[in-house]
Each structure stands twice: as C-alpha cells, then as structure tokens.
Amino acid sequence: MTAKITFFPLGNADTTRIDLANGQTVLVDCANMRCADDDTDCRCDLPVLLRQALKDTNRDDYDVVCFSHLDTDHVKGATDFFWFRHASKYQGGDRIKMNEMWVPAAVITEDGLDGDARVIRQEARYRLEKGEGIKVFSRPARLHDFLADRGLTVADRAHCIVDAGQLVPGFSKAGGAKAEFFVHSPFAWRVNDREVEDRNQDSIVFQVTFDEGGNETYAIFGSDVDYDTLSKIVQTTKKHGREDRLLWDILKLFRHCSYLSLGPDRGADETIAVPDVKWLFETQSRDGCIVVSPSYPIPAKGTTEDKDVQPPHRQAANHHRRVVDDKAGDFKVTMESPNTASPKPLEVEITSRGTRLSVVAPTMIGTITSTAARAG
C-alpha cells in the first residue's frame, strides 16, 4: 500500500485526507459546506464521501483528526459528523471516532465560541484534562493558565504537547507509516500575552515527509496563514539550518489562493511575493511540484469576481502558475477539477518514483483521469 493525499471540492474551505502506507489515516480539517437543499450546489457531499471511504476499509474511525483552527470553513458540520467523548449527546449512531485530535493551543484557550467551534474546543479541553487522545501544538502562557486552573501543569501534560520545530510522536519514515510530520507553527512566543486569539495566525502548519522505496516526497499544509507568518516560518527554519523542512513537492495552498499569503499588495496581473515567501515557493519547490488551491474557480480578468476582496485572487493564481510552470508541475483548483460543472476529489498518490495526480470518481474507488506529475 502506498500513501495518498485526497483534496475535496468544498468551495473556499478545507478538508484533506492523508492515507499512510500502513493504513493509518489523518484527516486535516473537516468542513461540510454543501447546501443540501440547493441542486445547483456542486460542492461535494463530504460526509457521504468520507463515510464511504471508511466503509471501504472496514473502519469507523480516524487515527488522527487535525483541526488547524476553528474558522467555519475548516470545521462546519463537525458536530454532526464526529463522536465526541465529552458529552453523550454527541455519541452513537454512525458518528465517526477520532482516536487522536491535533489542535493549536488557541483551540484550548479561546473564549466566546459557539456552534461547531465550541464543541471542538470542549472536546479538546476534555481530552487535555484527561491526558489522552490529543496533541496540542505550542504552549503559550494562556495554556499554562488553563492547566493551572485545573490543578495541572504543562509538565503534567508534556506528552500531549508538540512545539514548533518538533516531529509529531507516533510516526516514522522508518516505521510502517513511512511518514513523519514536522511542525512549523504555531509559535508559542507569538501567541503569548494576547487578549484575543488570532485563529489564522495561530493555526497549524506542518510538513509531511513520505518515504516510499527510498524516495522522499514532501508535502506542506499551511491552513490560513499569511505572508508575515510564512516569512517568520522561513526565517526561523533558516536560523536553525533546517531548510530541508521547507522542501515541497505538494503544497496545500494557504488562504484559498489569497494574495495575502504572498505579500501585502494584490498586484495588477501577478502578486509579488515578499522575499522569504518567494524563497519558499521558488527555491524550495521541486521539479514536478503540485500546488492545490482549496477554493472556488479562479476568476477571469475583468469579471465581477475578479474585483472581489475575497479569494481566490487571479493575481495570486498567476504567481502559482508561473512557479509550477518553471518546475514542470501542476496548479490545481479543487472546484475546477476536472471541470467547474462537476468537480471531483483530487488524489495525489505517493509512489517510489514520485507523485501521481488523479481525479477521483464519485465512488472514491476508481479514477477518471490520471497524469504523472513527478518522477524522482
């Protein structure tokens, strides 16, 4: 069995499934955005697809569910889909279990939440208090305070905490998973002493390294961080001489193809990336790289959508297309693949020769197109 990454067409929203070589499955975010009462809504029926994939492997659980942050476009519908340990009202039926949750510290410490975000926060707090079934990324002052209020210390829950610059325990390139997860963000120093949690800038950023037949393939997941946070990640990584931790063959694009993941100005035809982000995209991308934009279709120049403040932005897409063209790679948009009328999940298979990009049929079994993206 080889690893694969599946991206789902959900509009400007994120859900990605990582299937590892040993059968372990990591779900990164879960946002059911489709309007069931709208026959014209071509976003996928996410719960149906996820349940079918689990049924095909005789499972009712994920090894890991990572909530990169609590914005609606990353968590919508989670309350109806998952089995939550902290309250019986969220158990039973065909709910899907989470063997382990990954959350940024802001999920634990944020106040004033409601809906799906509040339920996820309560579950994360419950698991952290119990000391099992959770990994919390970073340890800001407010996390210390949260634990102290419950008679606990960070040392008591050290086995549940992963800091930036560390590997997530339980995964190894040399083990059955043939993969490791390296954490880039959030930074504990940056979220200290703040009254309001910034969900986007305190969200989880990580690199996955896959080892298939001695060939390493790299993927970066960056949720909704902006160019300033990306610049800090680059600077910190360089400071520690770990540039290899920012290599990438596959990049799940930041902020739904917003220009703000590249620089402060949208630009006329192409967004100009600030120096550190330029290095990340142009130097650290490898031949045959794949950029996936979890977004609505890229607007055409001069259209009403092209003037919208919300992503996706044509100018940012032009930047990404140029980068992948220079590396003989692919730029894919979830709501455009294979076409805008009927988008389907995108699948990237990790092979001993590199990556293979496919569009997955509705049953999640076959493929309707397949192209080799990189041979390494």
Of all residues making up the stretch 135-191, the number that are under 28 Å from Leu230 (Cβ atoms) and assigned to a loop (DSSP other than H, G, I, E, B): 18
Could you list, in sequence order, the residues of the stretch 107-129 that are farther than 18 Å from Asp29 by Cα and surrounded by fewer than 15 Cβ atoms within 10 Å (Cβ to Cβ)? Asp111, Gly112
Output the residues belonging to the stretch 244-286 that are free of Cβ contacts under 8 Å to residues at least 24 places away in the same chain and of a type in the set (D, E, K, R). Asp244, Asp265, Lys278
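Every residue, every condition in (1) at pLDDT 95 or above; (2) assigned to a helix (DSSP H, G or I), yes or no:
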{"residue": "Arg194", "(1), (2)": "no, no"}
{"residue": "Gln201", "(1), (2)": "no, no"}
{"residue": "Phe210", "(1), (2)": "yes, no"}
{"residue": "Lys238", "(1), (2)": "yes, yes"}
{"residue": "Asp265", "(1), (2)": "yes, no"}
{"residue": "Glu270", "(1), (2)": "yes, no"}
{"residue": "Leu280", "(1), (2)": "yes, yes"}
Residues located in the stretch 323-345, provided they are without any contact (Cβ under 8 Å) to a residue 40 or more places away in the chain and in a helix (DSSP H, G or I): Val324, Asp325, Glu336
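For residues in the stretch 58-114 being among the hydrophobic types (A, V, I, L, M, F, W, C) and in a helix (DSSP H, G or I), which is nearest to the chain's Cα centre (by Cα)? Even if it seems obvious, please write down each step before you answer.
Going through the stretch 58-114, the residues among the hydrophobic types (A, V, I, L, M, F, W, C) turn out to be 64-67, 70, 75, 78, 81-84, 87, 96, 98, 101-103, 105-108, 113.
Within this subset, residues satisfying the condition of being in a helix (DSSP H, G or I) are 75, 78, 81, 105-108.
Numbers: Val75: 12, Ala78: 15, Phe81: 18, Ala105: 16, Ala106: 16, Val107: 16, Ile108: 19 Å.
Filtering the stretch 58-114 for residues that are among the hydrophobic types (A, V, I, L, M, F, W, C) and in a helix (DSSP H, G or I), the one nearest to the chain's Cα centre (by Cα) comes out as Val75.
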Mind checking which residues of the stretch 19-57 are assigned to a loop (DSSP other than H, G, I, E, B) and either touching a strand residue (DSSP E or B) at 6+ places or on another chain (Cβ under 6 Å) or of a type in the set (S, T, N, Q) (or both)? Leu20, Asn22, Gln24, Asn32, Thr40, Thr57
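Starting from residues that are among the polar types (S, T, N, Q) and farther than 30 Å from Asn215 by Cβ, keep the ones in the stretch 2-49 and report whichever is surrounded by the most Cβ atoms within 10 Å (Cβ to Cβ).
Taking the stretch 2-49 as the starting set, the residues that turn out to be among the polar types (S, T, N, Q) are 2, 6, 12, 15-16, 22, 24-25, 32, 40.
Those left that are additionally farther than 30 Å from Asn215 by Cβ: 12, 32, 40.
On the way: Asn12: 20, Asn32: 23, Thr40: 5.
Within the stretch 2-49, the match that is surrounded by the most Cβ atoms within 10 Å (Cβ to Cβ) is Asn32.
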Looking at the stretch 287-322, which of the residues that are touching a residue at least 12 places away in the same chain (Cβ under 8 Å) and of a type in the set (Ser, Thr, Tyr) is surrounded by the most Cβ atoms within 10 Å (Cβ to Cβ)? Ser293
May I ask you to list the residues in the stretch 59-118 that are of a type in the set (S, T, N, Q) and in contact with a Leu (Cβ under 9 Å, 6 or more places away or on another chain)? Thr109
Of the numbered conditions (1) more than 30 Å from Asp211 (Cα to Cα); (2) without any contact (Cβ under 8 Å) to a residue 12 or more places away in the chain, Arg142 fails exactly one; give the number of that condition. (2)
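The values are calculated or read from the model by the stated rules, or taken from the named source; none is laboratory data. What you see is a predicted model, and the numbers here were worked out from it, not measured in a lab. So basically every Cβ, Gly included, is an ideal-geometry build from the backbone, and we count neighbours across all protein chains shown.
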